[in-house]
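A quick write-up on the structure given underneath.
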Amino acid sequence: MRVLRTLLLMIALASGCFPLAARAQALVADLSSHLVAITTGFAGTDVLLFGAVEGPGDVVVVVRGPDEREIVRLKGRVAGIYVNRKEMAFSRVPSFYQVAASGELDKIASAAERARLEIGTENLRLVPEVERDPATVADYRAALIRNKEAQGLWGRNVAKVASLGARLFRVNVYFPSNVPVGIYQVQVFLFHDGEVRAAQTTPLSISKVGASAEIFDFAHREAAAYGAIAIAIALAAGWAASAIFRRV
Amino acid sequence: MQIYLPIAELSLNVFGLLGLGVIVGFLSGLFGIGGGFLLTPLLIFIGVPHAVAVSTHANQLIAASASGALAHWRRNAVDFRMGLVMLVGGFVGSTLGVWLFKALSRMGQVELVISLSYVVVLGLVGLLMLSESGISMLRQRRQAPPKPRAGRHPYWVRVLPFRMRFYRSRIYISALVPFVVGMFVGVLVAIMGVGGGFIMVPAMIYILGMPTAVVTGTSLFQIVVITANVTFLQALTTQTVDVVLALILMIGGVLGAQVGARAGVNLKGEQVRGLLALLLLAVAGKLLYDLVVTPADLYSISRGGA
């Protein structure tokens, strides 16, 4: 009985989230690139998301990086100096989070829809691993959001989805140089009258390629050899410098 | 020009990093110190993760100190016998330190312990050196005769067992003293990401009573081996050694170290110590200020493994 109920619930949720089968052409979107390659010269990059909508409505885009565990620590004064005294761990925190919309979010989507789809940092379901009183959790939550924004990994503002005529839209999503690697989810929603009319999810892979990927892999796979090479390079550099400067 | 650092996982300006290397290398050559007490906090300040800054700096130190050590070796200013005894202690200390570093970061207290040890160690050493070099500069001005060399060691040092003769330094002292100094420095290398020269140099002068001429070379020789040990252990256990970052810092560092070593020849021992003391006090003061003043955000976040 419970299995059946769960199954029904899942189907209901899925059809609510992705009414793609019913309205196949209501929303089409794609990325200019499905792979962000982090090469040696990587200094952050823009990825263009573009698409077309059928009928009236507003577009909302949510970009989420892979989930991770974050520990938020609170400093307090002990004998005159500031020390980390308390902490709260949050699991399933998106490592990257950015929202873009074609208008003002609270006018486009109802509060219930925003909460359900986790649109906006205030709607992220950030649950501490250990239960605490709501006021304390709220403080730590706010601190987590503030720090993520300061790192440039969570968007402080809602980016602008530009409309080109009645049907086409485009938005640039910026990934800073400290962007975490992994598989990202780019969710595109079409809202009308505060409700989701269509949705599409596109994966985006952010990974290291070329020399930086090889160095990273080597450091993790062959840690001992990597350490030995790091020492050898340093000794060679030191010796070379000393040899060169002796002749000058 | 930006370059992406594969282990630190962010990109930074190449010329900025080279400049940092030159400045720190210059101090390294001048004072016989690694300059880590400046470079590690600076790397963290520009966004390099804490563990990567510490481990990578250990790697960079190998190059800077090797080039400095070779320069001193050619001038016959390295006491290898003393260096080897200190190294035995250094290996024990640095292995212990790498373990301690891991334990502290799990507890979320590694930054605090590092800041506090900087304040205490740099502050104490800086004050001691400043007063000593001030006194000896005054004494020279009054043309007073230098202190006699015999019986310089304090009583507690003289009664220790395992006494050894160190010919290059012309001293006769218990091997336990350089062993303990080496071990203490080894711990600092691992947890503070510093070469430990700023504590080793004064310890060699004031506790071991070594002549200033061999102090710099011997301390550089010791730093080369200890930082190699730390680099290897960090690469093995935490994978936080960034060779790209290290290489850029090295290029700047070795250039600066050569210039520094030349500049040091023209300076008197007490002048070098006086300058170093002022630098140590400045860094200690800055870190103490940061600990005492209310931070802009009382909360901080860190990515935690499962």
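A short reminder: the numbers here are calculations on the coordinates, not readings from a lab. Keep in mind that what you see is a predicted model, and the values were worked out from it rather than measured. No Cβ is skipped: glycine too gets one built from the backbone with ideal geometry, and neighbour counts run over all protein chains shown.
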* Can you give the mean number of other chain Cβ atoms that lie within 10 Å of the Cβ atoms in peptide B:247-260? -> 3
* For chain B, what is the mean residue ellipticity at 222 nm derived from helices alone (per DSSP H run of n ≥ 4: -39500 (n - 2.57); sum divided by total residues; nearest 500 deg cm²/dmol)? -> -24000 deg cm²/dmol
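When a/c is below 1.5 the answer is rounded, else prolate if a/b is larger than b/c, else oblate, so apply that to segment B:248-301 with a ≥ b ≥ c taken from the square roots of the Cα gyration tensor eigenvalues. The partial results should precede the final answer.
Working: a/c = 7.16, a/b = 1.76, b/c = 4.07.
Judged from the Cα gyration tensor, segment B:248-301 comes out oblate (a/c at least 1.5, b/c at or above a/b).
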* Structure fact -> Expected sort for B:250-262, B:188-200 on mean C-beta neighbours within 10 Å, highest first, is B:188-200, B:250-262
* Set of lysines with alpha-carbon distance to B:LYS286 below 30 Å, sequence-local pairs under 8 removed -> A:LYS75, A:LYS86, A:LYS148, B:LYS102, B:LYS268
* Positive dipole terminus of chain B, leading residue within B:GLY269, B:GLY90, B:ILE7 (C-beta point charges) -> B:GLY269
* Structure fact -> P(r) over all Cα-Cα pairs of segment A:184-248, 10 Å bins from 0 to the longest distance, whole percent per bin, short to long, reads 16, 20, 18, 15, 12, 10, 6, 2
* Structure fact -> Per the charge dipole of segment B:160-306 (beta-carbon charges, Lys/Arg positive, Asp/Glu negative, Cα centre), the residue among B:LEU279, B:MET164, B:ALA228 reaching farthest to the positive end is B:MET164
* Computed on alpha carbon atoms, what radius of gyration and Dmax characterise chain A, expressed in Å? -> 23.5, 86
* **Rg and Dmax of the protein assembly as shown, Cα atoms only, in Å** => 28.9, 100
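What ranking, highest mean first, results for peptides A:155-167, A:186-198 when packing means the other Cβ atoms within 10 Å averaged over each residue? Write down the numbers at each step before the final one.
On the way: A:155-167: 13.5, A:186-198: 20.7.
So the order, starting with the most tightly packed, is A:186-198, A:155-167.
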* Asked: Mean projection of the alpha-carbon convex hull of segment B:74-116 over all orientations, in nm²?
  -> 4.5
* **Neighbourhood net charge (14 Å Cβ-Cβ; Lys/Arg +1, Asp/Glu -1) for B:VAL201** => -2
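Among residues other than A:VAL93 whose Cβ falls under 15 Å from its Cβ, what is the net charge (Lys/Arg +1, Asp/Glu -1)? Intermediate results must be reported in sequence, preceding the final value.
Values: positive: A:ARG64, A:ARG69, A:ARG73, A:ARG92, A:ARG125, A:ARG141, A:ARG146, A:LYS148, B:ARG303; negative: A:ASP67, A:GLU68, A:GLU70, A:GLU87, A:GLU118, A:GLU122, A:GLU129, A:GLU149.
The answer is +1.
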* **Helical contribution to [θ] at 222 nm, DSSP H n ≥ 4, -39,500 (n - 2.57), averaged over chain A, rounded to 500** => -10500 deg cm²/dmol
* Structure fact -> Residue ranges of DSSP H helices in chain B that stretch 27 Å or more (Cα, own long axis) and have mean Kyte-Doolittle hydropathy of at least 1.0 are B:80-107, B:110-141, B:212-237, B:243-265, B:269-292
* Tilt of helix A:134-150 relative to the longest C-alpha principal axis of chain A, in degrees (0 to 90, nearest 10)? -> 60
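On average, how many beta carbons from a partner chain sit within 10 Å of the beta carbon of a residue in A:79-89?
On the way: counts 0, 3, 9, 9, 7, 10, 2, 2, 7, 1, 2.
Average per residue, whole number: 5.
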* **Rg/Rh ratio calculated on Cα atoms of segment A:120-234 (Kirkwood radius)** => 1.10
* Angle between chain A longest axis and helix A:223-247 axis [Cα atoms, degrees, rounded to 10] -> 50
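Rounded to a whole number, what is D in µm²/s for segment B:194-299 from Stokes-Einstein with the Kirkwood radius over alpha-carbon pairs (37 °C, 0.692 mPa s)? Intermediate values should be presented prior to the final figure.
Details: Rh = 16.6 Å.
Rounded, D is 197 µm²/s.
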* On a 0 to 90 degree scale, rounded to 10, what angle separates helix A:2-17 from the longest Cα axis of chain A? -> 90
* Asked: Please state the equivalent ellipsoid semi-axes for segment B:22-123: what are the square roots of 5 times the Cα gyration tensor eigenvalues, largest first, in whole Å?
  -> 26, 18, 12
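Using the Cα atoms as the points, what is the convex hull volume per residue of chain B in Å³? Before the final figure, lay out each step's value.
On the way: hull volume 42.2 nm³, N = 306.
Taking the convex hull of the Cα positions in chain B, it is 138 Å³ per residue.
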